[in-house]
Amino acid sequence: MDYHSLDPLLLIAYITTGIIAGIVNTLAGGGSLFTLSLLMFLGMPVGLANGTNRLGILFQNVTGTYTFKKSNLLDIPSSMKYVIPSLLGAIVGALTVSDIDEKVLQYIIGTLMLLMLYPILNENKKGVNLKVTATQKPQYTFWRDNIIFFCIGFYGGFVQAGIGIMILVSVSNLGKMTLIRANAIKMLIIAAYTLPVFIVFVIKGQVVWLAALLLAVGQVLGTWFAGKIASKSDKVNIFIRWLLVIMVVISIFRMFGIHTWLIDHLT
């Protein structure tokens, strides 16, 4: 497949993928996992899909960071203790994944997707009580916190999928802050590290610009649309979650070559 093609069907597929990802991310979480799955479903190699996926992530989180800052819910200077180690870890993660053999990367990301099915299927997907009382005080420990956020950043630079909940749990528990402020810091962290990570993928030739731009536009539209339908019906959330599960399962089959095995043995 020519991923740079101006074929109208392919262009529609990219922007539709972005729209669905924006809806998924807003209503159910896991938008980046959904985009990665759909790009691979369209036949894009996993390494190329992983890099192309990042521009939309950058757009979303820069916009979110600006919104939180404008609402006085984000203190950037005090958040740098989380941002800096995450940024360094993400650069190392991106450099690592960009040099991994395509076949090995398929198995790694296939395994990560398999692990991500549990929190997607688990109704209480956070699995952690993120409520913080006013009497709780943050306990910052230099080495512990820097190691934790370096590892989080490494994962984010490596594959991104599912990183949001990791950051939310870590920031809210270590920083003893409300979920909304933790979410603001989450967006700042992802926005900060996604730019250099995206540059790494661009340098390595692992970005399809046309697809990346259309995905980004689609994600913005999808996020806006999701805001309109979010309160309409709980059935929308259920449908979105199961759609995400189906796409992830299909991607896992592709990563491990299960679809080829099934075709060979069923025909």
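The values are calculated or read from the model by the stated rules, or taken from the named source; none is laboratory data. Just so it is clear, the model here is predicted, and its values are computed rather than measured. All Cβ positions, glycine included, derive from the backbone under ideal geometry; neighbour counts span all protein chains shown.
Computed quantities for the displayed model
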| item | result |
| --- | --- |
| Meets criteria (surrounded by fewer than 21 Cβ atoms within 10 Å (Cβ to Cβ), at pLDDT 80 or above and in contact with a Gly (Cβ under 8 Å, 6 or more places away or on another chain)) for residue 197 | no |
| Test: residue in region 220-238 that is surrounded by fewer than 21 Cβ atoms within 10 Å (Cβ to Cβ) and at pLDDT 80 or above | yes |
| So residue 155, is it at pLDDT below 80, under 22 Å from residue 247 (Cβ atoms) and aromatic (Phe, Trp, Tyr) | no |
| Number of positions in region 167-185 that are within 14 Å of residue 73 (Cβ to Cβ), outside any helix (DSSP H, G or I) and not aliphatic (A, V, I, L, M) | 2 |
| Test: residue in region 169-177 that is small (Gly, Ala, Ser) and modelled with pLDDT of 90 or more | no |
| Qualifying residues in region 1-26 (those that are crowded, with 24+ Cβ neighbours inside 10 Å and aliphatic (A, V, I, L, M)) - the one modelled with the highest pLDDT | 21 |
| Pairs with Cβ under 9 Å, 6+ apart, first in region 186-215 and outside any helix (DSSP H, G or I), second of a type in the set (Lys, Arg) | 207/54 |
| Conditions (1) closer than 28 Å to residue 107 by Cα; (2) under 14 Å from the mean Cα position of the chain (by Cα); (3) of a type outside the set (Lys, Arg): number failed by residue 187 | (1) |
